[in-house]
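Below: the structure, in C-alpha cells.
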C-alpha cells in the first residue's frame, strides 16, 4: 500500500506515539475550544463549506449515513437538518471531541437519530455494504494510512453508495495562495495558542494541509482505491475542496 507525504506529518515531533495516537491526543487537548476556534479562524465560512458538501448527498436521499472523523458532530447535526435521514452513526478516535459532540447532540434532542461511537477510520467496525452514504469533513488529512481509510469506507458503503469528503486544499492563484500560507503559518497557530493553549495543533494544520495530495492527486487516489464517478468541487478560490466518489 502506497504511503504519502502527509502520512508522516505529526502534531508532536518528539513524541514516540504513532500519528493516529498523536492526532487523538491533540484533539483531546483542544476539544473544549474546537468549535469556537473553527468559527473564529474561518470567519464562519466552514459552516458554508459543510453545507455545500452535504448538499452533494441530496440527490441520493441517504437514510443511513456514516460520518467518519466526526469531531464534535457538526456534520451529523447539519445532515439531520438538510437530508432528514433515519439514522446517522458518527465515529472518531478522540474521546474529548466525542464528549463535546455528545453534549451537543443531547442539547439538540437528537439522541434518537445520531449515535456517536469511538471508531477508527482505518478499521471501521461495521459490516460490508451497510451505509447509503459516508461523509468526512476535514478528517482524511489526519489518516495515518490514507488508502487504508478510503478502502475501509468503500467496504462499508452499499453498492451505489456515495462518499463525500470535505478537505482543505491549496489555492491556485499565487497572490491569494501567499495570503493563505501566511495566515495558516503564522496567524492561525498564534490564535490557537492564545485560546486553546495548544500552538502545535494549529502548526500541524498548516503542515498537514501543505503535505496533503489535494486536487487531481487526491482524485487519482480515490480512483485507485476503487471509487467510480469521482469528481471535485473547489470552494472559496480553492481554500477547500469537496471530493465525491461512488461505490460500483
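Please list, ordered by residue number, the strands (runs of 3 or more DSSP E) wholly in segment 74-162 having 3 or more residues that are modelled with pLDDT of 95 or more and out of contact with any strand residue (DSSP E or B) (no Cβ under 8 Å at 6 or more places or on another chain).
none
In segment 1-41, which residues are touching a strand residue (DSSP E or B) at 6+ places or on another chain (Cβ under 9 Å) and either within 26 Å of residue 79 (Cα to Cα) or crowded, with 19+ Cβ neighbours inside 10 Å (or both)?
Once the filter is applied, which keeps residues that are touching a strand residue (DSSP E or B) at 6+ places or on another chain (Cβ under 9 Å) and either within 26 Å of residue 79 (Cα to Cα) or crowded, with 19+ Cβ neighbours inside 10 Å (or both), segment 1-41 yields 24, 27.
Does at least one position in segment 162-184 carry a residue that is surrounded by fewer than 19 Cβ atoms within 10 Å (Cβ to Cβ) and under 24 Å from residue 92 (Cβ atoms)?
No; the residues of segment 162-184 include none that is surrounded by fewer than 19 Cβ atoms within 10 Å (Cβ to Cβ) and under 24 Å from residue 92 (Cβ atoms).
Which of the residues that make up segment 59-73 are within 22 Å of residue 30 (Cα to Cα) and in a loop (DSSP other than H, G, I, E, B)?
Result: 69, 70, 71, 72, 73.
Cβ-Cβ distance below 9 Å, separation of 6 or more or different chains: which pairs start in segment 8-37 with a residue that is without any contact (Cβ under 8 Å) to a residue 12 or more places away in the chain and on the phi < 0 side of the Ramachandran plot and end on one that is assigned to a loop (DSSP other than H, G, I, E, B) and surrounded by fewer than 18 Cβ atoms within 10 Å (Cβ to Cβ)?
The qualifying pairs are 21/15.
The values are calculated or read from the model by the stated rules, or taken from the named source; none is laboratory data. Note that the structure is predicted; figures quoted are calculated from it, not measured. Cβ coordinates were reconstructed from backbone atoms using ideal geometry, including for glycine residues, and neighbour counts include every protein chain displayed.
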